Amino acid sequence: MPFSISLILQILLLPLTFLLTCVVYTRNWLYDNGILTSTRPDVFTINVGNLNLGGTGKTPHVEYLVNLLASQYKTTILSRGYKRQTKGFVWADDTATAQTIGDEPMQYYLKFKDKIKVVVCEDRIAGVNKIQATFPDNELIILDDAFQHRRIAPHLNILLCDYNRPFYADYLAPVGKLRDIRRSANRAHAVIVSKCPTDISAKAKEEIKAGISRYTLADTPVCFSQIHYKAISSYAENKVFNVENLAVVVTAIARPEVFQEYLKKKGYSIGKVIDYPDHFAFSRNEIEQMLNRQNPLQQIITTEKDMVKIKPLLYVQELERFFYVPIEVMIDDKADFDSFILSAISKNI
């Protein structure tokens, strides 16, 4: 049987994966043995991260924690602000855009600006220190994607594992989709298997737990979560999505096929599909490509994260043609997970 092109490519990339494995393993060894030092902040910190290059659902899980905790503790989200056009410490306010703080932090700000603070800083230690200096009454920091930022040692490390591509069955890039070695899962205080089907069986859960437990510490809790798509929304006042009209689907996310499959299952009339790379920075050129000027009934549907970047580029009369789908996570054994988080915080605050 002849080799497939993908298999040949993987074989050719093996030396690069081996080199990356050596680099990552050595770096982690230096931290694990105290040669390079990690700092645990005075303020309680929860990190939501993964071992993958992306696409495990960090954003809705961060939002879950905000909804759980912000009413009890003065909370700040600290993110790197991936692909923003600024550097250093930036505190989100009403002048913020996806260009100045990044698309995901902008989404957090639009959703929670009346409840929490949102800050971006590529140096998490410097970011935490500046947050506490700027907001002395802040009690809790949620770190978005700091699992590989070994200079900081969070009080709680929550590791996300994609149901569709679990880390224990994957490989380091470029052969696989991991950016960290599997054994790094031993730094997790809890693991959430994300993007699970709603009908996941008890047997499947046990098999996944067994795979995860080969790399985590004993008794590390494992939870399972599903993505729940909410009603189609619009920033245009009183505008309702017409399910009978053909819609253009626009995405700039890690796994657009999941979103597209959801829309098809809902029976929406899908016309043109436009996929951009994850975290793509939209411009007016892309907006013009989306819009069909000869069809005033044309609708464009996108993700909540992408709408954050698209909205500032639209003229007022164009806004009513754009719709987005908010998402949230539903966690199995929610009561146990919430109790785990709240108990860890109450012991330290």
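The values are calculated or read from the model by the stated rules, or taken from the named source; none is laboratory data. All of these numbers come straight from a predicted model, not from anything done at the bench. For neighbour counting, all protein chains shown are included, and Cβ atoms are generated from backbone atoms with ideal geometry for every residue, glycine included.
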Condition broken by residue 314, with the remaining ones in (1) in contact (Cβ under 8 Å) with a residue 40 or more places away in the chain; (2) of a type in the set (A, V, I, L, M, F, W, C); (3) farther than 23 Å from residue 56 by Cβ; (4) surrounded by 15 or more Cβ atoms within 10 Å (Cβ to Cβ) satisfied: (1)
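Evaluate segment 271-278: report whether one residue or more is of a type outside the set (Phe, Trp, Tyr) and free of Cβ contacts under 8 Å to residues at least 24 places away in the same chain.
Our first condition is that a residue be of a type outside the set (Phe, Trp, Tyr); within segment 271-278, this holds for 271-275, 277-278.
Retained after the next criterion (residues that are free of Cβ contacts under 8 Å to residues at least 24 places away in the same chain): none.
No, segment 271-278 contains no residue that is of a type outside the set (Phe, Trp, Tyr) and free of Cβ contacts under 8 Å to residues at least 24 places away in the same chain.
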Of all residues in segment 149-169 being at pLDDT 95 or above and surrounded by fewer than 16 Cβ atoms within 10 Å (Cβ to Cβ), the one that is nearest to residue 210 (Cα to Cα): 169
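If I filter segment 173-182 for residues that are over 26 Å from residue 5 (Cα atoms) and in a strand (DSSP E or B), do I get at least one hit? Even if it seems obvious, please write down each step before you answer.
First, pick out the residues of segment 173-182 that are over 26 Å from residue 5 (Cα atoms): 182.
Add one more test, that the residue is in a strand (DSSP E or B), and what stays is none.
No: zero hits.
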Selection count where residues are modelled with pLDDT of 90 or more, over 23 Å from the mean Cα position of the chain (by Cα) and crowded, with 17+ Cβ neighbours inside 10 Å, scope segment 248-290: 4
Single condition residue 141 does not satisfy, out of (1) under 16 Å from the mean Cα position of the chain (by Cα); (2) of a type outside the set (Lys, Arg); (3) more than 28 Å from residue 18 (Cα to Cα): (1)
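Quick one: count up the residues across segment 6-60 that are in a helix (DSSP H, G or I) and within 23 Å of residue 141 (Cα to Cα).
Total satisfying the criteria: 4.
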Residue within segment 146-167 that is touching a Phe, Trp or Tyr at 6+ places or on another chain (Cβ under 7 Å) and among the small types (Gly, Ala, Ser) present: no
Residues located in segment 290-311, provided they are out of contact with any strand residue (DSSP E or B) (no Cβ under 7 Å at 6 or more places or on another chain) and either free of Cβ contacts under 8 Å to residues at least 60 places away in the same chain or assigned to a strand (DSSP E or B) (or both): 291, 292, 293, 294, 295, 296, 297
Matching residues in segment 228-258 - criterion: being part of a strand (DSSP E or B) and among the aromatic types (Phe, Trp, Tyr): 229
Residue within segment 135-144 that is assigned by TED's automatic domain parsing to the domain that holds residue 60, in a loop (DSSP other than H, G, I, E, B), of a type in the set (Asp, Glu) and crowded, with 18+ Cβ neighbours inside 10 Å present: no
Filtered residues of segment 80-92 (kept if more than 17 Å from residue 133 (Cα to Cα) and within 20 Å of the chain's Cα centre (by Cα)): 80, 81, 82, 83, 84, 85
Selection count, segment 74-94, where residues are crowded, with 18+ Cβ neighbours inside 10 Å and either under 17 Å from residue 160 (Cβ atoms) or of a type in the set (Ser, Thr, Tyr) (or both): 5
Residue that is surrounded by the fewest Cβ atoms within 10 Å (Cβ to Cβ) [pool: residues in segment 107-131 that are more than 12 Å from residue 78 (Cα to Cα) and touching a residue at least 40 places away in the same chain (Cβ under 8 Å)]: 115
Any hit, segment 279-289, residues being farther than 20 Å from residue 260 by Cα and of a type in the set (Val, Ile, Thr): no
Filtered residues of segment 183-221 (kept if surrounded by 15 or more Cβ atoms within 10 Å (Cβ to Cβ), not hydrophobic (A, V, I, L, M, F, W, C) and not in a helix (DSSP H, G or I)): 189, 194, 195, 215, 216, 220, 221
